[in-house]
Amino acid sequence: LYCYKIFFELKLISMKKIILTILLLSYGFSQSKVSIQDNEISINENEAVVEVLGMVCSMCAFGIGEGFSKTNFIDKSKFIDGVSVDIDAQYVQLGLLDSKDINPEKIVQVIEDAGYDVNLLFILQNEKLTKFGTDKLGILQPIAFNLTSDNNN
């Protein structure tokens, strides 16, 4: 009886390791890399990366973070309260709630309300990476859909 108990516990441990490995591998597939101003940025499932023009100081980052803190689609468990700002590379990375379908116009509106312009926007949600850019009239348009992690856009 004792041998069966040990055998069962070993099997249980092995199954836990297998399940954990599968989860970690599946997490890795919902990651891509995007390029903003010659910087390669990793973007995970339920995240957005925004190229923001005109950010030059920490107060810029603070203003943008404050703007996103008032929205209902930011996952505050990611980054610092859901927002990571890289002033030197001119981009903002956002954690997005997975239960929300994100309207890219809302992201752009928050950044414009803070006084900055958006050049590019990438959203990785539901295992689909979509790239948005502004057209000649300044209107945000999708440029590419379902980009893969092999593409550096």
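The values are calculated or read from the model by the stated rules, or taken from the named source; none is laboratory data. Computed from a predicted structure; not experimentally measured. Virtual Cβ from ideal backbone geometry, glycine too; neighbours counted across all protein chains shown. Just the protein is used for accessible areas: all its heavy atoms, side chains included, with ligands, DNA and RNA removed. Shrake-Rupley method; radii C 1.70, N 1.55, O 1.52, S 1.80 Å.
Of the trypsin sites (Lys or Arg not before Pro) found in segment 56-120, those in coil by DSSP whose Cβ has at most 14 other Cβ atoms within 10 Å are Lys70, Lys76. With a cut-off of 13 Å between beta carbons, the residues surrounding Ile41 carry a summed charge of -4, where Lys and Arg count +1 and Asp and Glu -1.
Translational D (Stokes-Einstein, µm²/s) of segment 59-153 at 4 °C and 1.567 mPa s when Rh comes from the Kirkwood sum over C-alpha pairs? Intermediate values should be presented prior to the final figure.
On the way: Rh = 13.9 Å.
My calculation gives 93 µm²/s for D.
Heavy-atom accessible area, probed at 1.4 angstrom with all protein chains present, ranks Leu120, Leu97, Leu129 as Leu97, Leu120, Leu129, highest first. Remark: accessible surface ordering of Glu66, Glu127, Glu45, Glu51 (largest first) is Glu127, Glu66, Glu45, Glu51, probe radius 1.4 Å. For segment 66-105, the Cβ-based charge dipole about the Cα centre amounts to some 140 debye (Lys, Arg positive; Asp, Glu negative; other atoms uncharged). For the set Leu53, Leu137, Leu94, solvent exposure ranked by accessible area (probe 1.4 Å, protein chains only) runs largest to smallest as Leu137, Leu53, Leu94.
Once you order the gyration tensor axes a ≥ b ≥ c over the Cα atoms, which shape class does segment 49-109 get: rounded for a/c under 1.5, otherwise prolate or oblate by comparing a/b with b/c?
Values: a/c = 1.93, a/b = 1.60, b/c = 1.20.
It is prolate, given that a/c is not under 1.5 and a/b is the larger ratio.
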